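The values are calculated or read from the model by the stated rules, or taken from the named source; none is laboratory data. Quick caveat: nothing in here was measured; it's all calculated off a predicted structure. Backbone-built Cβ (ideal geometry, glycine too); neighbour counts: all protein chains shown. Calculation scope for accessible area: heavy atoms of the full protein, side chains included, ligands and nucleic acids excluded. Shrake-Rupley method; radii C 1.70, N 1.55, O 1.52, S 1.80 Å.
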Amino acid sequence: MLSCNICGVTVTSEPDMKTHLLIVHMENEVTCPFCKLSGVNYDEMCFHIETAHFEQNELEKNFERINTMQYGTSNSRKDSTLQCRMEVNSSIHSACASNHPKISAQGPPNNGILKHKGFYSENLTESRKFLKSKEKQSDRTKIKGSIYEAMYSPPECPFCGKIEGCSQDVETHVKTEHADLLDTPLEDCNQPLYDCPICGLICTNYHILQEHVDLHLEESSFGQGMDRVQCSRDLELAQQLQQEEDRKRRSEESRQEMEEFQKLQRQYGLNNSGGYKQQQLRNMEIEVNRGRMHPSEFHRRKADMMESLAVGIDDEKTKTSGIMEALYRYYQNAATDVRRVWLSTVVDHFHSSFGDKGWGCGYRNFQMLLSSLLQNDAYDDCLKGMSVPCIPKIQSMIEDAWKEGFDPQGASQLNNRLQGTKAWIGACEVYTLLTSLRIKCRIIDFHKSTGPLGTHPRLFEWILSYYSSEREGSPKVVCTSKPPIYLQYQVVGIEERKNRTLCLLVFDPGCPSREMQKLLKQDTEASSVKQLRKFVGNLKHKQYQIVAVEGVLSSEEKIVSI
């Protein structure tokens, strides 16, 4: 028994096999069972199968053996199917051969590669598709199924792939639908080839190349669109991160600003932590707990404080009198390095206590200034029957001045409230209070330094002119009728030293009574006076404001000053 290598038909003798090959495979058109290549002769087809489909051919043989074992011989079924396909191909081949006689005469080229147009375009594409599907499928059963489906599929058009029921229908379809292709002369082997500029694929038709390149461009456009979408998402994410960063920064700035504001509130006594009375009691309790104050002393001081607050007069426990007289004696008998000195009128010294330590300097300076005015006959009319008030009373007096219309801007800055707080006061509040008492005064602002290293020599010159304007050519010690000047300290005089430098004499409310009382000794020591001196190099703040008293206001002038 002999078996046909092309279609698998079994015959009994060699003459029958030759007849079969002549009738079936040589006279009719041969079609490749793997890639459907047609239009070649028997020898070319055998060469094509051995070179292009060696592995598929081996798998088919194995599949035939397995099929024979399971279902018996399938030669009759295979023969009928292939016979139908060969009939269709024979019809198409006959139609093509009438127009292209070279088809039947061509043999395989020397390099073993077929140069037929169908091989480069449709058949080459089908072969590549088959090989790609083979590489992707790891299961041999799937490969065998694909071969089986390719071998036993219904007849189809070789140009458009349309499937028909039989070979006659395919032939009719080709003659009616693809007559232009049948009439077109076959291009020779030297026809131009077109390379894809993107992937290098070789195409025999520029229309196919154009469609192929369009696919690349569509993929590129899709990729660019995805890139734009990704960029848009990245931009949105960056904007969200920036907004979150800005929100955190603003939150941090707000927090720091609030902390600074609260710090300033604590510093200037505006944090609702209580006023003079609460601080006095709290500090005395601390002294008792530390063993530095007897409980009986605590109760005695508490009673005195309550009495002082009730009448609004200072209890004078921090007051030191007679210092100006002691200074006059000192400069008369000593101070050989001083050329001349001018002293203000009599002034009492007041220092801070447990109730106002850390914030009451402005109030104590006002008490010192008022103590001098109360001892000056020129101010009896406007200060008649008045005593040095306690700090809570001074706060109340400033609030009353605000209610009269003095300094509305300063009142708003302090929330129109001083009583029960530790709010600091300065030159503006002292000016407001003095003006409300009909005392004529003015504020002089030294808003920037006028000397080297941030000093204020012009401030010293102004104070010198203030005290020395009354009596020119006076002796070494001059006791003027001028009240002291309100500064951060209380300026009670000025020295002109032998080297022509100026030195202020000030009462500091931070200096305790025990230190000030050292000046009251019969023989005042130079070291005791030293604590009163402020040279030019000692005042280096950016700005200074002073309040200078200049007389008494009439009722009309007081109204105008409002």
Discussion item. Which of the numbered conditions does D523 fail, given that it passes all the others? Conditions: (1) surrounded by 17 or more Cβ atoms within 10 Å (Cβ to Cβ); (2) among the charged types (D, E, K, R); (3) free of Cβ contacts under 8 Å to residues at least 60 places away in the same chain; (4) over 21 Å from S468 (Cα atoms).
Written reply: (1)
Worksheet item: What are the pairs, 6+ residues apart or on separate chains, where a residue within segment 202-226 that is closer than 18 Å to P192 by Cα has its Cβ under 9 Å from a residue that is surrounded by 11 or more Cβ atoms within 10 Å (Cβ to Cβ) and among the small types (G, A, S)?
Response: C203/S121; T204/S121; N205/S121; I208/S121
Item to complete: Filter segment 27-36 down to residues that are modelled with pLDDT under 75 and farther than 17 Å from G8 by Cβ and give me whichever is surrounded by the fewest Cβ atoms within 10 Å (Cβ to Cβ).
Response: E27
Worksheet item: Here are some conditions: (1) free of Cβ contacts under 8 Å to residues at least 40 places away in the same chain; (2) part of a helix (DSSP H, G or I); (3) within 30 Å of K530 (Cβ to Cβ); (4) open to solvent by 90 Å² or more (accessible area, probe 1.4 Å). R247 meets all but one. Which one does it not meet?
Response: (3)
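Is it the case, given these coordinates, that R282 is modelled with pLDDT of 90 or more, under 58 Å from the mean Cα position of the chain (by Cα) and open to solvent by 80 Å² or more (accessible area, probe 1.4 Å)? Step through it out loud before you land on a result.
Working: modelled with pLDDT of 90 or more: yes; under 58 Å from the mean Cα position of the chain (by Cα): yes; open to solvent by 80 Å² or more (accessible area, probe 1.4 Å): yes.
Against the criterion (modelled with pLDDT of 90 or more, under 58 Å from the mean Cα position of the chain (by Cα) and open to solvent by 80 Å² or more (accessible area, probe 1.4 Å)), R282 qualifies.
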Response to the item:
All conditions in (1) out of contact with any helix residue (DSSP H, G or I) (no Cβ under 6 Å at 6 or more places or on another chain); (2) touching a residue at least 12 places away in the same chain (Cβ under 8 Å) are true of T435 except (1)
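Every residue, every condition in (1) closer than 21 Å to Q367 by Cβ; (2) modelled with pLDDT of 90 or more, yes or no:
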{"position": "G223", "(1), (2)": "no, no"}
{"position": "Q230", "(1), (2)": "no, no"}
{"position": "R249", "(1), (2)": "no, yes"}
{"position": "E253", "(1), (2)": "no, yes"}
{"position": "Q262", "(1), (2)": "no, no"}
{"position": "Q265", "(1), (2)": "no, no"}
{"position": "Y276", "(1), (2)": "yes, yes"}
{"position": "I286", "(1), (2)": "no, yes"}
{"position": "A310", "(1), (2)": "yes, yes"}
Worksheet item: So is D348 at pLDDT below 95 and either of a type in the set (D, E, K, R) or surrounded by 24 or more Cβ atoms within 10 Å (Cβ to Cβ) (or both) or not?
Response: no
Response to the item:
In segment 174-202, anything outside any loop (DSSP other than H, G, I, E, B), open to solvent by less than 90 Å² (accessible area, probe 1.4 Å) and either modelled with pLDDT under 80 or not hydrophobic (A, V, I, L, M, F, W, C) (or both) is listed as V174, A179, L181, L182, Y194
Fill in: In segment 359-375, residue modelled with the lowest pLDDT [restricted to those that are within 18 Å of I313 (Cβ to Cβ) and either part of a loop (DSSP other than H, G, I, E, B) or in contact with a Gly (Cβ under 6 Å, 6 or more places away or on another chain) (or both)]
G360
Response to the item:
Per the filter on segment 313-358, residues over 21 Å from Q490 (Cα atoms), assigned to a loop (DSSP other than H, G, I, E, B) and without any contact (Cβ under 8 Å) to a residue 40 or more places away in the chain are T336
Worksheet item: Are any of the residues in segment 544-559 among the basic types (K, R), within 18 Å of M324 (Cβ to Cβ) and out of contact with any strand residue (DSSP E or B) (no Cβ under 6 Å at 6 or more places or on another chain)?
Response: no
Worksheet item: Do we find that S372 is in contact (Cβ under 8 Å) with a residue 24 or more places away in the chain, crowded, with 23+ Cβ neighbours inside 10 Å and hydroxyl-bearing (S, T, Y) in this structure?
Response: no
Practice prompt. Looking only at segment 49-60, count how many residues are under 20 Å from S3 (Cβ atoms) and modelled with pLDDT of 75 or more.
Written response: 3
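Hey, can you tell me all the residues within segment 401-454 that are acidic (D, E) and loosely packed, with under 15 Cβ neighbours inside 10 Å?
Step one: list which residues in segment 401-454 are acidic (D, E), which gives 404, 407, 429, 445.
Within segment 401-454, E404, D445 qualify.
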Discussion item. Suppose we filter segment 332-369 for residues that are farther than 28 Å from E525 by Cα and of a type in the set (G, A, S); how many remain?
Written reply: 4
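For segment 481-489, check the following and say yes or no: at least one residue is more than 21 Å from F366 (Cβ to Cβ), at pLDDT 90 or above and assigned to a strand (DSSP E or B). Break it down into steps so the answer makes sense when it comes.
Of all residues in segment 481-489, those more than 21 Å from F366 (Cβ to Cβ) come to none.
No, because not a single residue in segment 481-489 is more than 21 Å from F366 (Cβ to Cβ), at pLDDT 90 or above and assigned to a strand (DSSP E or B).
Give me the residue from segment 272-312 that is assigned to a helix (DSSP H, G or I) and among the small types (G, A, S) and, out of that set, farthest from I391 (Cα to Cα).
Keep residues of segment 272-312 that are assigned to a helix (DSSP H, G or I), which gives 276-289, 295-311.
Among the residues that remain, those that are also among the small types (G, A, S) are: 296, 303, 308, 310.
Details: S296: 25, A303: 17, S308: 10, A310: 12 Å.
It comes out as S296.
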Worksheet item: When you scan segment 490-510, how many residues do you find that are open to solvent by less than 10 Å² (accessible area, probe 1.4 Å) and either in a strand (DSSP E or B) or within 14 Å of W462 (Cα to Cα) (or both)?
Response: 11
Discussion item. Against the condition part of a helix (DSSP H, G or I), within 18 Å of A326 (Cβ to Cβ), open to solvent by 10 Å² or more (accessible area, probe 1.4 Å) and out of contact with any Gly (no Cβ under 7 Å at 6 or more places or on another chain), how does Q517 come out, does it pass?
Written reply: yes
